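So the structure is just underneath, and the comments pick up after that.
The values are calculated or read from the model by the stated rules, or taken from the named source; none is laboratory data. Since the model is a prediction, treat every value here as computed from it, not as a measurement. Please note: Cβ atoms are built from the backbone with ideal geometry, for glycine as well, and neighbour counts cover all protein chains shown. To get the accessible areas, we keep the full protein, side chains included, count just its heavy atoms, and leave off ligands, DNA and RNA. Shrake-Rupley method; radii C 1.70, N 1.55, O 1.52, S 1.80 Å.
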Amino acid sequence: MKMPVIKIAVLTVVALAVLGGVVWLAESHISRTASIGSQVSSSQTVAGVQIGGDFTLINQDGEEMTDRDFLGSYRLVYFGFTYCPMICPTELQKMVTAMELMGGKADNITPLFITIDPERDTPELVKEFVESFHPRMVGLTGTQEQIDEVRDAYRVYASKVQVAGMEGYDMNHSSYTFFMGPDGDLLTLFNTGSTPQDIAREVTAIMDAS
Ligand code: NI
């Protein structure tokens, strides 16, 4: 199969983004507008780097959940934290708006929020947070070790930042929305430059083609 140049370019950008982690992802809420939201791969391997995998976490009702609980369902996955003042709520709202644009097709998608701040994000806080976005949104937290593992699996960058004059701390973290297939494979990903229309269009196209 011949790969169109644009697809190779996209794969290269994604590979650089993933492999070049520190430089690319160390910015708070990646806000580059270069679109790498095109479909990157039909498998979970992007240029040899696997994204996704097994996890065991705690949902907003305090129950243990693993990746296997989501088998058979498409998922839109976002990593963030409930104290985030701006970007995380914006990105989750975009996810939900995209699902609304998709109509009945969105019934096959589970919206998923995973915290990168388990120290503060208790199941109770996560529950309140996800319920404010979508009645079916699943919110996951866990021990620091469990969160570190799932972050590693999804190549998500996150670190605490002390802000002068601010009580507590802020979090720097990468901001991608992962679209995963029913088997847990990465199908594509979106960044802060993707609009709800972009997400709805690409997700619909991928689901129609499968
Ligand atoms: Ni955030």
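Only one of the listed residues (151, 136, 155) is charged (D, E, K, R), open to solvent by 20 Å² or more (accessible area, probe 1.4 Å) and in contact with a Pro (Cβ under 7 Å, 6 or more places away or on another chain). That residue is 136. Residue by residue through region 166-184, note down the ones that are within 11 Å of the chain's Cα centre (by Cα) and not in a strand (DSSP E or B). Across region 166-184, the qualifying residues are 174, 175, 176. For beta carbons closer than 6 Å, sequence separation of 6+ or different chains, a first residue in region 153-176 that is at positive phi and a second that is in a loop (DSSP other than H, G, I, E, B) and at pLDDT below 95, the qualifying pairs are 155/51. When residue 129 is tested against (1) under 21 Å from residue 97 (Cα atoms); (2) in contact with a strand residue (DSSP E or B) (Cβ under 9 Å, 6 or more places away or on another chain); (3) free of Cβ contacts under 8 Å to residues at least 24 places away in the same chain, only condition (3) is not met. Taking region 59-84 as the range and being surrounded by 17 or more Cβ atoms within 10 Å (Cβ to Cβ) and closer than 24 Å to residue 172 by Cβ as the test, the residues that pass are 76, 77, 78, 79, 80, 81, 82, 84. Here residue 146 passes the criteria (1) crowded, with 19+ Cβ neighbours inside 10 Å; (2) closer than 25 Å to residue 62 by Cα except the one numbered (1). Residue count for region 167-194, restricted to those that are open to solvent by 20 Å² or more (accessible area, probe 1.4 Å), away from the ligand (no atom under 15 Å from the Cβ) and within 21 Å of residue 81 (Cα to Cα): 2.
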